[in-house]
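Before any comments, here is the structure.
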Amino acid sequence: MNLLWIAIAALGGGITSSLLGWLDSKEHFDPRKFLASVVRSLIATALFASGYALINGVTPMDIIVAFCGGAGVDVIGKTGQSLIKK
């Protein structure tokens, strides 16, 4: 059950980052860009859940870290994509 909260937090962080980026861009909503963020968030979710499967307990701070990590993976993924395209 604890891993579920970690997974939800990481996924929520990535999706929140994506939505905030879209709101800040003042562009029309592009489902392709949003789906790419969701995929990056799912990768973060898998990484965090597998990492926390190795420990015995999850604290509220761990959930906050997973949320921020999910957002960070989304931001780093977007930056990496833009650098590769140049």
With n ≥ 4 as the cut-off for DSSP H runs, can you work out [θ] at 222 nm for the chain, using -39500 (n - 2.57) per run divided by the number of residues, rounded to the nearest 500? -29500 deg cm²/dmol
Residues in region 42-57, backbone N under 19 Å from the label point at Ile8 (7 Å along the Cα-to-beta-carbon vector): list them, ranges by number please. 42-53, 57
Semi-axis lengths, Å, region 37-86, gyration tensor of Cα atoms, sqrt of 5 times eigenvalues: 25, 10, 7
Which of the chymotrypsin sites (Phe, Trp or Tyr not before Pro) found in region 1-31 are in a DSSP loop and have at most 16 neighbouring Cβ atoms, other than their own, within 10 Å? Phe29
Among Ile64, Ile76, Ile15, which one shows the biggest mean-square fluctuation in a GNM of the chain, springs joining Cα atoms closer than 10 Å? Ile76
Taking Cα atoms, the helix 31-52 axis meets the longest principal axis of the chain at an angle in degrees (rounded to 10) of 20
Roughly how big is the chain's charge dipole about its Cα centre, with Cβ charges of +1 (Lys, Arg) and -1 (Asp, Glu), in debye to the nearest 20? 340
For the chain, with a Gaussian network of springs between Cα atoms less than 10 Å apart, report the residue from Asp30, Asp62, Asp74 with the top mean-square fluctuation. Asp30
Relative contact order, percent, of region 2-85 when contacts are C-alpha pairs under 8 Å separated by at least 6 residues? 52
Once the dipole of region 2-85 is set up from charges on Cβ (+1 Lys and Arg, -1 Asp and Glu), the residue from the list Phe48, Ile76, Pro60 lying farthest towards its positive end is Ile76
1/(1 + (r/R0)^6) with r = Cβ-Cβ of Thr16 and Leu83, R0 = 22 Å, i.e. FRET efficiency to nearest 0.05, evaluates to 0.45
Please report, to one decimal in angstroms, the Kirkwood hydrodynamic radius of the chain built from all distinct Cα-Cα pairs. 13.1
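Read-outs throughout are calculated quantities, based only on the coordinates presented, and are distinct from any laboratory measurement. Keep in mind the model is a prediction, meaning the values are calculated, not measured. Here the Cβ is made from the backbone with ideal geometry for all residues, glycine too, and neighbour counts use every protein chain on show.
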